[in-house]
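To start, the structure under review is shown below, and the notes come after it.
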Amino acid sequence: MIGGVMRIFVTGGAGYIGSVCVEELLKYGHEVLVFDNMEEGHAEAVLAPATLTVGDLNNFAQVNAAVGEFRPDAVIHFAGKALVGESMTNPYIYYQTNVMGGTNLLEAAVRAGCKKFVFSSSCATYGPPEKIPMDERIPQKPINPYGHSKLIFEQVLKWYEKVHGVVFTALRYFNAAGASVANGEDRKVETHLIPIVLDVALGRREFIGIFGENYATPDGTCIRDYVHVIDLAEAHIKALDRTVSGFFNLGSGDGYSVRQVIDVARKVTGHAIPAKIMPPRPGDPPRLVASANRARMDLGWKPRFNKLPTIIETAWAWRQAHPKGYRSQ
Ligand code: UDP
């Protein structure tokens with residue numbers, strides 16, 4: 001079904017990017033069931049009338065029953081392990097959840113007759129690029145188990161397309177950031193740059209540690225492409241209308257170094273945000289910046305919040321409204 005109201009099974013829909021996507025799906029009138037193990041999810045993040053089923057992708061019987069009962073028209077698969085640093089110390093959970101858990105979900109979808117699948121992939125599937133900006137044709141040579149696990153699942157999707165006729169859209173996110181009014185970043189242990197910087201501005205941390213200052217970049221710190229979470233969500237809505245499979249980079253096309261991010265956050269928050277140089281973090285590529293031309297042309301993606309100050313302003317607004325995360329509601 002194209003363009004009409006659909007039943008959408010959303011894994012990880014209680015998490016950061018998933019919950020914002022659910023908000024967007026509801027705006028379009030879709031019927032949404034969120035499947036989340038609540039490891040990083042928040043029940044408050046799942047807005048009504050979406051419903052929440054707590055379950056684990058690693059348990060095939062559980063995911064198969066949930067998909068079989070809901071009978072979705074499409075699956076949007078956000079759930080997964082997503083920390084580069086953690087994957088360098090505990091690769092097992094990355095292959096288990098991102099590869100095997102994802103395959104459990106895909107198999108359950110096919111068994112329930114659902115052949116439309118949207119997957120949260122990552123720019124980490126590329127590894128350090130030879131040229132910037134990065135389009136979808138550059139070689140995929142991940143340098144951490146996180147990126148490798150996402151790449152393997154992309155390949156699983158290709159085989160499910162061949163064998164079962166699944167139509168998939170793999171969205172390779174660059175650095176998700178920002179917030180909607182209702183939903184933002186609130187993790188058990190925060191490791192991401194922007195939320196940590198804002199924690200310093202809130203007085204909840206003393207300083208931001210800069211992981212390495214001797215990278216081959218103009219100011220020596222790593223460069224990333226920050227993309228607004230609402231723009232990411234919109235790309236998933238576009239993906240629902242697709243009738244052929246594809247891979248798309250989702251980024252703003254602008255690269256900001258760690259120091260530049262801290263500077264923008266200083267301006268947005270009016271706080272001095274002290275910074276200290278720390279050792280580099282293993283597995284970090286120096287520079288990742290997207291060319292999202294394919295997403296704009298073929299997916300019809302039109303990012304609306306692609307300036308870093310706007311992205312940080314929305315994240316700051318959410319953090320100020322929720323200084324202790326969802327628990328402060
Ligand atoms: N970073 C940093 N200090 C921190 C957290 C992150 O210097 O406390 C750097 C990190 O090394 C990377 C960039 O900020 O170059 C973005 O990291 P993040 O964890 O937000 O996202 P990633 O790029 O790993 O997905």
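The values are calculated or read from the model by the stated rules, or taken from the named source; none is laboratory data. None of the values given here were measured: they were computed from a predicted structure. Neighbour counts are summed over all protein chains in view; Cβ atoms, including those assigned to glycine, are modelled from backbone coordinates with ideal geometry.
Summary of values
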| read-out | value |
| --- | --- |
| Residues of segment 25-53 satisfying the condition of being more than 23 Å from residue 150 (Cα to Cα) and in a strand (DSSP E or B) | 31, 32, 33, 51, 52, 53 |
| Qualifying position, being on the phi < 0 side of the Ramachandran plot, under 15 Å from the mean Cα position of the chain (by Cα) and in contact (Cβ under 8 Å) with a residue 12 or more places away in the chain, among 13, 68 | 13 |
| Failed criterion for residue 191 (all others in (1) within 12 Å of the ligand (Cβ to nearest atom); (2) of a type in the set (S, T, N, Q); (3) more than 30 Å from residue 269 (Cα to Cα) hold) | (3) |
| Only listed residue being within 25 Å of residue 117 (Cβ to Cβ), modelled with pLDDT of 95 or more, more than 11 Å from the ligand (Cβ to nearest atom) and outside any helix (DSSP H, G or I), chosen from 241, 219, 231 | 241 |
| Residue within segment 270-282 that is in contact (Cβ under 8 Å) with a residue 12 or more places away in the chain and part of a helix (DSSP H, G or I) present | no |
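Conditions tested, residue by residue: (1) more than 15 Å from the chain's Cα centre (by Cα); (2) buried (at least 18 other Cβ atoms within 10 Å of the Cβ); (3) assigned to a helix (DSSP H, G or I).
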{"position": "95", "(1), (2), (3)": "yes, no, yes"}
{"position": "113", "(1), (2), (3)": "yes, no, no"}
{"position": "118", "(1), (2), (3)": "no, yes, no"}
{"position": "127", "(1), (2), (3)": "yes, yes, no"}
{"position": "132", "(1), (2), (3)": "yes, no, no"}
{"position": "142", "(1), (2), (3)": "yes, yes, no"}
{"position": "162", "(1), (2), (3)": "yes, no, yes"}
{"position": "171", "(1), (2), (3)": "no, yes, no"}
{"position": "187", "(1), (2), (3)": "no, no, no"}
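Conditions tested, residue by residue: (1) modelled with pLDDT of 95 or more; (2) aliphatic (A, V, I, L, M).
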| residue | (1), (2) |
| --- | --- |
| 92 | yes, no |
| 95 | yes, no |
| 105 | yes, yes |
| 108 | yes, yes |
| 111 | yes, no |
| 121 | yes, no |
| 132 | no, yes |
| 147 | yes, no |
